[in-house]
1. Kindly express, to the nearest 10 degrees and within the range 0 to 90, the angle between helix 154-169's C-alpha long axis and the longest C-alpha principal axis of the chain.
2. Where the only charges are on Cβ atoms (+1 Lys, Arg; -1 Asp, Glu), what is the dipole of the chain about its Cα centre, to the nearest 20 debye?
3. What is the Cα centroid distance between the range 8-32 and the range 75-92, reported in whole angstrom?
4. Excluding Asp25 itself, what net charge comes from residues whose Cβ is under 12 Å from its Cβ, given Lys and Arg +1 and Asp and Glu -1?
5. The range 11-108: which trypsin sites (Lys or Arg not before Pro) are DSSP loop and have at most 13 other beta-carbon atoms within 10 angstrom?
6. Helix 39-49 sits at what angle to the longest principal axis of the chain, using alpha carbons and giving 0 to 90 degrees rounded to 10?
7. Please compute the length gained on full extension between Thr108 and Glu142, using 0.36 nm multiplied by the number of residues separating them and subtracting their Cα-Cα distance.
8. Determine the distance separating the Cα centre of the range 105-151 from the Cα centre of the range 193-221; give it in Å without decimals.
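Read-outs: derived from the displayed coordinates by stated rules, not from any lab. None of the values given here were measured: they were computed from a predicted structure. In this analysis, Cβ positions are derived from the backbone assuming ideal geometry, glycine residues included, and neighbour counts consider all displayed protein chains.
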Amino acid sequence: MRIRANNPSPMTLTGTNTYVINSADDTSSVLIDPGPELAEHRDNFLAEIGDRRLTAIVLTHQHADHSEMLGSVEQWAPDVPVYAVLEKFSRLTPPVADGDRIAFGTDTTDVLEVVVTPGHTMDSISLIHDHVLYSGDTVLGEGTTIVTHPEGSLRDYLESLDRLLRLLDEGRYSSIEPAHGPSIESPAQVLEYYRSHRLERIEQVRAALAQGAASATDVCDIVYHDVDPSVRGAAEQIVRAQLNYLGALTPEDE
Ligand SMILES: [Zn+2]
């Protein structure tokens with residue numbers, strides 16, 4: 001069940017998607033990405049959980065539009081463990097790692113499998129349950145994901161896309177529920193597009209450098225000349241990630 005927070009913006013699209021998944025016997029739930037600290041959003045996901053026991057909270061990555069609500073977790077879920085890669089968000093359980101299985105009910109199918117997918121940020125994870133991939137910001141329902149700098153890494157991001165394509169080929173999941181935007185019913189097409197889009201941008205950055213661009217701002221002016229001013233900051237961030245990937249990041253741009 002998807003509950004969308006009312007925090008729309010150029011970066012969060014229509015808002016952050018929080019997911020509630022219920023156990024096979026319908027008595028317990030797991031919450032993925034509590035989202036921004038908005039009382040109405042909290043009321044909405046708690047209403048969705050209803051009388052079921054909330055047994056686990058999982059964070060896909062550090063960004064505030066996913067994690068901020070954890071700041072008040074003592075008030076709304078004082079005894080519930082929080083599973084996250086970063087120690088500062090983990091609670092009542094050790095930080096998660098690749099291959100971990102997060103049980104949230106008594107049935108053998110009541111499990112979220114952790115797939116680490118670093119790139120958007122280094123602590124980004126995806127989760128597989130019942131042939132659905134919950135991708136956080138690694139794959140979005142519309143447009144493409146930004147690779148942040150310095151929290152992210154383009155090299156890791158490209159490897160994560162390859163890994164998600166392999167898991168898809170192996171039949172481990174067949175659709176994607178992203179943290180922003182609608183469901184993705186044709187993951188192969190979207191993942192291939194993400195990959196080719198990133199590689200194309202890298203070539204454009206290489207070309208801009210060859211033309212004499214000497215800073216992230218110069219490269220951004222050339223490669224992202226047509227972006228809306230509201231996402232210029234994000235474009236500059238991904239240019240820094242691209243320059244870092246190409247070994248061309250100047251100390252001033254770090
Ligand atoms: Zn994010």
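1. The angle comes out near 50 degrees.
2. Magnitude of the dipole: close to 240 debye.
3. Rounded to whole Å, the Cα centres lie 16 Å apart.
4. Net of charged neighbours comes to -1.
5. On the way: sites: Arg42, Arg52, Arg53, Lys88, Arg91, Arg101; in loops: Arg52, Lys88.
Those satisfying the criteria are Lys88.
6. 50 degrees
7. In short, 8.9 nm is gained.
8. 27 Å
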